[in-house]
1. How many angstrom lie between the C-alpha centres of the range B:194-224 and the range B:73-92?
2. For the range C:86-107, list whatever residues lose no less than 50 Å² of accessible surface once every protein chain is in place, relative to that chain by itself, with the probe at 1.4 Å.
3. Residue farthest toward the positive end of the dipole of the protein assembly as shown, with Cβ of Lys/Arg at +1 and Asp/Glu at -1: which of A:Gly447, B:Gly195, B:Ala105?
4. What is the dipole size for the range B:63-173, taken about its Cα centre, with +1 at each Lys and Arg Cβ and -1 at each Asp and Glu Cβ, in debye to the nearest 20?
5. Determine the total buried accessible area between chain A and chain B, counting protein heavy atoms only with a 1.4 Å probe; round to the nearest 100 Å².
6. Around A:Thr716, with a cut-off of 12 angstrom between Cβ atoms, what is the net charge of the other residues, counting Lys and Arg +1 and Asp and Glu -1?
7. Cα centroid distance between the range B:10-54 and the range C:42-113, in Å?
8. For labels at A:Arg60 and A:Tyr596 in the simple 7 Å Cα→Cβ model, what's the distance in nm?
Amino acid sequence: MQQAMRPQMMGARVSRVEDQRLLTAQARFMDDIQVPGMLEIAFVRSPHAAAEIVSIDTSRAAQVPGVHKVMTFDDCPYWLWMRGVFKVGQPALAHGEVYYVGQPVVAVVAENRYIAEDAAELVEVVYRPKEPVLDMREAIAERPRRVHPEAENVFFHREYQTPGFEEAFAQAPHHLSETFSLSRQTAVTLEPRGTAAMVDPATGRLTVYASTQAPHRVRLDLATFMDIPETQIRVITPEVGGGFGMKAATYPEDVVVVQAARTLRRPVKWISDRMESLLSDVHGRDDIHDVEVAFDDTGKIIAIRDHLMADGGAFIPVPFSGAVGETSLAAMVLTGPYDIPHLAYTIDCTFSNKTPLGAYRGVWGPVASFIQEGIVDRVARYLKMDPAEVRRRNMIRDEQFPYKNAAGMVYDRGSYLESFERALDMIGYADFRARQKALRQQGRYLGIGISCFVEPSAMASSEAGSVGYESCSLRMEPSGRVIAALGLGPTGQGHETTMAQLIADQIGVKLEDVIVLHGDTDSAPMGGGTGGSRSATIGGGAALVAGRQLREKLAQVAAHLLEAAPEDIVLEDGKAWVSGVPERSLAIRDIARAAYLDVKRMPGGMPVGLEVTARYLPPRPITFSNGCHIAEVEVDIRTGVARVTRYVVVNDCGRLINPTIVEGQILGGVAQGVGSAILERLHYDENGQLTTTTLLDYLLPEATDVPRVQMAHIETPSESEGGIKGMGEGSLIASPAAIAGAIADALEPFGGLVDRLPVQPSDVLAMVGRAAS
Amino acid sequence: MKPAPFGWIRAHSVAEAVAALREHPEAKVIAGGQSLVPLLNFRLSRPSHLVDINPLETSLNQVEWSGSALTLGALVRHQRLAEHPVVRERVPVLSRAASHIGHWAIRVRGTLGGSISHADPAAELPAAMVALNAVLVAQSADGTREIPASEFFQGYYTTALQADELLTAVRIPAPEGRWGFAEVARRLGDFALAGAFVQRGSRVAVTWFGVAGAPVRVELTEVPADAREREVAWRQALTTAVGSDLEVAKVAQAVAVAEKAWSEAQ
Amino acid sequence: MAEASIQPLTVTLKVNGRDYTVTVEPRWTLADVLRHQLGLTGTHVGCEQGVCGACTVLVDGEPARSCLMFAVQMEGHEIVTIEGLTPEAGLSPLQEAFHRHHALQCGFCTPGMLVTATALLNQGKPLTEETVREALSGNLCRCTGYQFIVDAVMDAQGGK
């Protein structure tokens, strides 16, 4: 099929169409949804990691003036459960037992949040505490007990080995082993979660406002769990203040809000406060990897063996188990951009009495990068080789593409060596070592860390919990302007701009003449939402295909009106003309007018109107982006505080739709990587209490923690529509590994290596202290 | 996260404020509110009433140099403390320490009296009071009393201030010798992992914060000239004062800030 | 707790140059009153812990956390919110710079950022990257990594 003649918008640094309303306080976020008569919910949450519920007394709470209802499981008897896949589901409100601190137990519906919280304090729940299951390795061995009596603690197990692994591993001249771990972390969107529900006065259907990345998913889940016909539910996402995977799940609170609105026949809203968000938003990471590596004298890595473990928490979030994602998908890319022929792994995902583990940007990627780069750095240090040289020797060569890695994943063509060499050049690697040496003499410890990454994006199979395709419907209105509707759920990525860029190119109209709708299940065709770096490739692919179909329709009508062949019609700059005869032209708005208002001028047999719906599934199951991050850090060995001082990124995500937006994604991911590497840690104490329930305990990077980042792009097109690859997660996949490597490099005189993230000052001081003693 | 209900009392004079505190034993004073309001939002603090002393701003925000002492009103806000030319000239280490408190928006509201009364063990100003040998002026319905800073801070969030007393001012004698200040925190504006004021004059004293329930001041008779030996001296001073069961990292950080403050007091 | 006197008080708040007389419970935070009583929803609430900075407003020209103040305290003070910093038509030079530099993604922290940056620019001091980062350090952003925000503020100063 024919692409647009001259793409004008694709690749352009277009300023976002979303900005105007956001900058001028006109945007409407979840808590800005205010409807007359609206009630608010406060939840009573479990104070115990594990306990039986002996009794619940709601009578005092129910008497507080302004309280409309106090709900327990009996008032909302629904389960969030992927039945048939997992043996355990989560009740919307606790049913007989609580399984983690923060689990919703009772919902108080009141005139406002202040009153709801007053009454929530008066709900009396008597608990009989049980011994919590908190340690991953113990849990695998069913100690101290099963979290759920009806299910083994290990809810997912897998083993894999390349043929000939044992021989190859045994025969290698050198072996190293290490245990790597990533702490629990979480997305912390600046806008907390929230949901509102009300009966639509015009139709009697339910309107659900949800701060989500996946509106159709929420509709499907509510319909399934609550046995409501899907057609009776309309899910609308207002402006969403960040998602990062965390808002891709359907939560118990969503079900409770809908039930409250249904039973009270009033609009009801719940907005998470920050403490609730740290307790009950899905957590991420929480991995342990027992790794062994085999390599030869030249630094060539021959085999990796890994036992991957992840603590899935008390329940499996719908639709995505973070633990299964963190492990099974990490295992697929453990060899990263390196040509490592042998791999063996064992995966165990366990239940515990902690908050359910779901998605946080990058999911499997950050841990895989951390391990793969950690392995390379250890091999280099063991052999006293330059870590850059070890990377060079192991890197997949251009002539090996499409490359099938040891786990069986097929990588797209990429710029593996080129991005790496370019990044080394940008950071001035050659000069760095001399500077590092000189500063060490002065007692200053600088380090450099290299992270070459592959970014699996745009999953066309449904393992990420979403559907593999995306949809775009385009409707040209009689004015010649276009309404596009997609099933995406953007949370700041700028799809209203980028999708419009793609569509405008295809049909030859101005950017501002394409309005992109999303986040409304009534207007958008069924789609997978935004997550897993799928929107640009799969959503963009749908936009391109739909654009082309509309273009063909326009060309047919134009050809008829201009008395030419459709293949000779050029559509550009708001006009259609006959190729080579620009004076034989029509304004696109005149074609649109004919298609709707003067239909007798339409070609015979052609349906009235200009409307198409396209669905797009990429040709590859996963589209791989790649690139290289290099971080420079300075570590104060007296205080243990590490600071990222310089940072470069070379990124290859195929054809760029909008370089500025791509750069914004990179910068945000690097900042989150600074958090992942040195600041962010959810901590449970020995009773299973989460001790990090404020933003003074869970430390997000501030403007002063993040370095200025220098960026460059390489464009190796994918085989997908437009040559696009996904890129929303790569920067957070690569950056923790780069920073960890840099800290290890800075502490090399002390034998320092980083085996856990985040690296805290006490970890640094312990490394320095061990070396001294 | 919404506060439990409380009554609101606007104080138009110190006398009114302390009368209200006497009348309502469960009342609390609100000044800048930067520490108190989060506690209210968490419902960790549940006063019956808040006594708002912000209307007293004009009478409790004095910055006065008498020739031998600096008197500061309890409602002097951190940002003003950091920027005030008189403080900068007479007690520069205090303005430097104030500039390290929280973030801009916090410093704009937070007050000297509030920080001292709240007595967070990792806060800068309580330690500054101890380091600078300040006298804290407290008023109640019974009258006024002066409490030396060295006796004021009694442990985690615990002070010598009675429930019906209001801290109205502090008096800082002209500091003797050269002074240094340093702190280490995970991020800019965070409470310190450890911080120190060091006085180098006819005597040498270090005052740490963030290492115990209250600021810790130690006088050193001898400070070695050699950096490595000095490090040992700081370590000894610290363990003498707070015992030896501090975390290893905490000790290292306390030594590091003492040394940094020392070298800044050149 | 039951009989604690929560009698609502009537106060007059001056917000964005306009007087609003409202009856509020003492415990209602300024952020909640701005948003829910006055309908000024541009001020966002991100933590109610005084950390994230999303709720930053100007009080007498200086940035302050509206989640850490009660509306009853605000009589006699001039409050300016993002609505008050937005011109009747178009964008302010600072907003324009944010747009030009892609200094926002989800936009939730943006009002607080704009308020703090306005206070900084109003000081009229020469800015460096370091001073801008320091001034903004109390405003958390999870999307942008701050770099383009810093660029926008520096650029807006140039354009002022």
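1. With the range B:194-224 and the range B:73-92 each reduced to a Cα centre, they are spaced 22 Å.
2. C:Leu91, C:His99, C:His102, C:Leu104, C:Gln105, C:Cys106
3. Farthest along the dipole direction, towards plus: B:Ala105.
4. Around 440 debye, computed over the range B:63-173.
5. Interface area, both chains combined: 2100 Å², rounded to the nearest 100.
6. -3
7. The two parts, judged by their Cα centres, are 27 Å apart.
8. Taking the simple label geometry, A:Arg60 and A:Tyr596 are separated by 6.2 nm.
The values are calculated or read from the model by the stated rules, or taken from the named source; none is laboratory data. Owing to the predicted nature of the structure, the values given are computational and were not obtained by experimental measurement. No Cβ is skipped: glycine too gets one built from the backbone with ideal geometry, and neighbour counts run over all protein chains shown. Accessible surface is based on the protein model in full, side chains and every heavy atom, while ligands, DNA and RNA are left aside. Shrake-Rupley method; radii C 1.70, N 1.55, O 1.52, S 1.80 Å.
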